[in-house]
1. Of 88, 178, 117, which has the largest mean-square fluctuation in a 10 Å C-alpha GNM of the chain?
2. Quick one: putting +1 on the C-beta of Lys and Arg, -1 on the C-beta of Asp and Glu, what dipole do you get for the chain around its Cα centre, in Debye to the nearest 20?
3. From the residues 114, 72, 131, which one has its Cα farthest along the dipole of segment 69-201 in the positive direction, the dipole being from +1 and -1 charges on Cβ of Lys/Arg and Asp/Glu about the Cα centre?
4. Computed from these coordinates, which is Kirkwood radius over Cα pairs in Å: (1) 18.8; (2) 21.9; (3) 19.7?
5. With no solvent and one point on each alpha carbon, what is the Debye value of log10 I(q)/I(0) for segment 8-133 at q = 0.16, 0.23 Å⁻¹?
6. Go ahead and estimate [θ] at 222 nm for the chain from helices alone: -39,500 (n - 2.57) per DSSP H run with n ≥ 4, summed, over the residue count, rounded to 500.
Amino acid sequence: MLFSQTLASMQPRDGGWRARIGEDWSQGRATFGGMVAALGNEAMRRLVPADRALRGMDITFVGPALAGEVGMDAEVLRVGKAVTIARTRLWSDGKIAATLTGVYGAARASALSLAPTVATGVRPASDLPDWSGADMPGAPSFARHFDYRWAEGSRPYSGSSLRTTKIYVRHQDPAPLTESHVVAMIDSIPSAIVQLMSTPAPSSSLTWTLQFLRHDYSFAPEAWWRIDAEVNSAGSGYSCESCLLIDPNGAPAAVARQMVAVFG
């Protein structure tokens with residue numbers, strides 16, 4: 001089931017919405033977190049007009065979202081002159097699987113304009129071999145919906161000493177790119193912590209924070225984006241990781257930070 005088909009499955013129900021997620025979007029026993037976040041964004045977008053761009057989103061993964069039907073309820077918490085704040089909850093098997101808060105805002109005049117520094121000298125995607133998610137040893141089911149090309153870092157569970165990765169990624173969905181496509185894409189690469197591990201072990205995101213810097217979704221579906229990720233800290237079974245999403249033109253598009261539970 002393609003990403004765009006999953007989003008299109010959303011239908012109104014009981015004052016909220018329902019959607020159907022295929023097992024091919026699984027990550028262990030749960031659904032890929034990027035899909036959960038994208039569906040939550042779609043629910044909030046039913047209430048927030050498109051002229052207010054997605055500026056940020058905070059997600060807490062409360063429990064597993066199982067394959068099959070999930071439900072969503074959403075509400076607008078505040079509408080200001082420039083900013084709308086909304087909230088949604090995603091339900092699976094009668095239990096809350098995730099809570100999301102979205103911040104949507106119109107552009108405002110500002111004397112400040114700062115952007116993250118993008119690493120230079122990174123090999124272009126055209127010089128790197130394809131690495132389909134379906135080909136990665138131990139890869140979760142959802143990875144088959146993405147193409148990858150490694151510019152820096154090691155494959156998962158390689159026992160590397162590197163704390164950083166630079167990975168090109170794109171959806172395999174031929175549908176036009178949307179805001180929610182990009183939300184999901186940011187979560188699509190392997191957690192940077194797993195390349196430090198020598199044997200496969202479960203890991204699961206607990207919290208995830210996104211901030212969008214640009215809102216250009218006009219790129220062709222086959223265009224390569226890049227995610228530069230880093231493990232900031234790890235210990236006691238948890239890691240803290242951050243990343244920068246770079247669009248096909250080489251501009252910083254979003255930053256993200258997540259807490260990951262590591263069972264190994």
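No lab work stands behind these numbers, since they all come straight from the coordinates. Please read all numbers here as calculations on a predicted model, not as lab measurements. Neighbour counts run over all protein chains shown; Cβ positions are idealised from the backbone, glycine included.
1. 117
2. The calculated dipole for the chain is roughly 620 debye.
3. Positive-end residue among those listed: 114.
4. Only one option fits the structure, namely (1).
5. After summing over all Cα pairs, the log10 values are -0.86, -1.22.
6. Counting only the DSSP helices, I get -3000 deg cm²/dmol.
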